[in-house]
Structures are given as C-alpha cells and as structure tokens.
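Below is one structure; the comments refer to it alone.
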Amino acid sequence: LLHKPRCWTGICDREPEGTWHDSWVALEEAVDSGIVRSIGICDVDNQLLDELLQKRIPPTVIQNWFDPFHQDVEFRRRIERHNEQNP
C-alpha cells in the first residue's frame, strides 16, 4: 500500500526522492515478479483516481478516510461503478 502519494504542507520535511508514479511502477514490477499479488494506495482524490485507473495495473485497494461524519459517498459510488464496468 502506497501511503501519502503527495507531500502535504507540514508532512514532508525534505524533498521527496521520487514521485508516486515512480513508486507505482515499482509496485507494478513487484506484481509482475510475483512478490505481491495486489497493490493499493491511500489518500486518493478524484484527480488521482483518474490517473490510477489509467495505469497498467490499477489499484486493488484504495484506503481513504471515512468515519460516521465523513462518508464521501460519491467517491465510493464512483469506484463501485468502475468495478462493475471492469470486473
């Protein structure tokens, strides 16, 4: 699971050594070599989801923040629609 695909203000104390794109390619290579069976990412917004769904191996798992007061129902519905169209 790739955590924090972007450096947010106050999160990163130094310049990243690569991008989430670089890390995603490495995760795809891990799937290809059989090291892992599934890859995922957390803290995804709609723009990032658009990019992820175009990847050679899209995420199997998306971990976002949900609680009783923050459901982000439309984001979940969007993923459900995508999964129905791409079984």
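The values are calculated or read from the model by the stated rules, or taken from the named source; none is laboratory data. Only a predicted model underlies this, so the values are computations on that prediction, with no experimental measurement involved. Note: ideal-geometry Cβ built from the backbone for every residue, glycine included; neighbour counts use all protein chains shown. Heavy atoms of the whole protein, side chains included, go into the accessibility calculation; ligands, DNA and RNA do not. Shrake-Rupley method; radii C 1.70, N 1.55, O 1.52, S 1.80 Å.
Close amide H contacts of I39 (hydrogens built in the peptide plane, cut-off under 5 Å, sequence separation of 5 or more or a different chain): T60, V61.
Within the assembled protein chains, the solvent-accessible surface assigned to F75 is about 10 Å², based on a 1.4 Å probe. Among the cysteines of the chain, those whose beta-carbon sits 4.7 Å or more from every other cysteine beta-carbon are C42.
Within the set [x] 42, 30, 19; [y] 28, 27, 20; [z] 35, 34, 19, the number that Cα extents along the principal axes in Å takes when calculated for this structure is listed as [z].
Each of I39, I11, I62 has its accessible area taken with a 1.4 Å probe; listed largest first, they run I11, I62, I39.
Sequentially through region 48-55, phi angles give Karplus couplings (6.51, -1.76, 1.60; θ = phi - 60°) of 5, 4, 4, 5, 5, 6, 8, 5 Hz, Gly and Pro residues having no value and appearing as x. Sorting W20, W65 by accessible area puts them as W65, W20; the probe is 1.4 Å, largest comes first, and only protein heavy atoms count.
Take K4, K55 and sort them by solvent-accessible surface of the protein heavy atoms, 1.4 Å probe, largest at the top.
Heavy-atom accessible area, descending, gives K4, K55.
Expressed as a whole percent, the accessible surface of region 1-76 that belongs to carbon and sulfur atoms is 52, based on a 1.4 Å probe. A Gaussian network model of the chain, with springs between Cα atoms under 10 Å, assigns the largest mean-square fluctuation among R14, R76, R56 to R14.
Summary value for the chain: 27 percent relative contact order, contacts being C-alpha pairs under 8 angstrom separated by 6+ residues. Computed from backbone phi with θ = phi - 60° and the Karplus coefficients 6.51, -1.76 and 1.60, the 3J(HN,Hα) list for region 71-87 is 9, 6, 4, 5, 5, 5, 5, 4, 5, 4, 4, 4, 5, 5, 7, 10, x Hz; x is used for glycine and proline.
In the full protein context, region 1-65 carries 69 Å² of accessible surface per residue, based on a 1.4 Å probe and ignoring ligands, DNA and RNA.
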